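The structure appears right after this line, and notes come after that.
The values are calculated or read from the model by the stated rules, or taken from the named source; none is laboratory data. Every value quoted in this text rests on a predicted model; they were computed, and no experiment measured them. Here the Cβ positions follow ideal geometry from the backbone for every residue, glycine too, while neighbour counts run over all protein chains shown. These area figures cover heavy atoms from the full protein model, side chains too; ligands, DNA and RNA do not enter into them. Shrake-Rupley method; radii C 1.70, N 1.55, O 1.52, S 1.80 Å.
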Amino acid sequence: MRRAGAPLSGRDGGGDTMAATFFGEVVKAPCRAGTEDQEEEEEGRRETAEDREVRRHLARKREVRLFRRQTKTSLEVSLLEKYPCSKFIIAIGNNAVAFLSSFVMNSGVWEEVGCAKLWNEWCRTTDKTHLSPAEAFCVFYHLKSSPSVLLCQCSCYVAEDQQYQWLEKVFGSCARKNMQVTLLTCRHVTDYKTSESISSLHSPFLKALKTQNFKEPPCCSLLEQPNIVHDLPAAVLSYCQVWKIPAVLYLCYTDVMKLDLITVEAFKPILSSRSLKGLVKNIPQSTEILKKLLTTNEIQSNIYT
């Protein structure tokens, strides 16, 4: 049984580095085969036709769907099959999304090429036939001047049972050659495992985790053992490890998980990376755009508090 969320780990071991140390780790569980079989049989006998219909209805609602908002049509093939790319930049979470919005998307003309509809415990969009920009929590763009550069802004939660669907809809089930993936996300600093006291850590700070095929030096130190990554970032990194795609995850540990100026600016070292270099033209102007974005968000939040 593979660990939930396909956690990966990296280390900085003197001169050598290792990524994805715990990729594909198998955990042996105690055997309760006889008892479990009996329980499943009893549960199956108790389940009514109505229960099965409810289960099927929920499964349909939890399907991940990709479509184009402009035409309101579903994508019949995976996103990267329809839009092959050389660079794929993925921001997961509000602060990572704000960073790309301010520093990358305002430095060029980006065209929307797809949008994901999700329904789960924290994200309810699939019941709607049309999503407004405010409701589109996972949107894909390509750079008009260089269509092989794709960007994803995902500010919604993708549940564990939906992560494989998301990967299939976005990446497909074929190897992607000549592509590099860069992921950005945040975790709370209390999730960071270290022998030091949490109070002595100067958050926010960046850590990197990369696949074995990613040969460039990352923009920050590698994530040490026994730290792991979770959720959609771990699923994407696992996919890239399996298909030998060069990929790096930049993980910002912060003590403020809501939209926060200092947390967003902690991603700035990534601007010097090969993936983002050349995409950002005016950093001072982007910083001002970020401040305006945060001010607008704060005003909107205060209206409802």
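Based on the convex hull around the alpha carbon atoms, segment 60-299 presents an average projected area of 13.3 nm². Taking K and R as +1 and D and E as -1, what net charge do the other residues with C-beta under 12 Å from the C-beta of Pro204 add up to? Summing Lys/Arg as +1 and Asp/Glu as -1 gives 0. Each residue of segment 191-205 was assigned a 3J(HN,Hα) from its phi angle through the Karplus curve 6.51 cos²θ - 1.76 cosθ + 1.60 (θ = phi - 60°); the sequence is 7, 7, 8, 7, 6, 6, 6, 4, 5, 8, 7, 9, 8, x, 8 Hz, with glycine and proline shown as x.
Looking at segment 60-299 alone, DSSP beta bridges between its own residues are antiparallel in about 55 percent of cases. Sorting Lys117, Lys277, Lys268 on solvent-accessible area from highest to lowest, probe radius 1.4 Å, gives Lys277, Lys268, Lys117.
Derived from the Cα gyration tensor, the three semi-axes of the equivalent ellipsoid of segment 125-266 are 27, 21, 15 Å, largest first.
For Leu183, the residues whose modelled amide H falls within less than 5 Å of its own, excluding neighbours fewer than 5 places apart on the same chain, are Ile90, Val248, Leu249, Tyr250. In order along segment 269-279, the Karplus-derived 3J(HN,Hα) couplings, from 6.51 cos²θ - 1.76 cosθ + 1.60 at θ = phi - 60°, round to x, 5, 4, 8, 6, 5, 5, 9, 4, x, 8 Hz, and Gly and Pro are given as x. The phi torsions of segment 153-170, fed into the Karplus equation with coefficients 6.51, -1.76 and 1.60 and a -60° offset, translate into couplings of 10, 10, 9, 10, 8, 10, 5, 4, 6, 9, 5, 5, 4, 4, 4, 5, 5, 8 Hz, rounded to whole numbers, with Gly and Pro shown as x. Applying a DSSP loop filter and a limit of 15 other Cβ atoms within 10 Å to the trypsin sites (Lys or Arg not before Pro) in segment 136-230 leaves Lys144, Lys177, Lys193, Lys215.
For the residue pairs Lys210/Lys277; Lys215/Lys244; Lys169/Lys281; Lys193/Lys244; Lys87/Lys277, the alpha carbons lie more than 20 Å apart in Lys169/Lys281; Lys193/Lys244.
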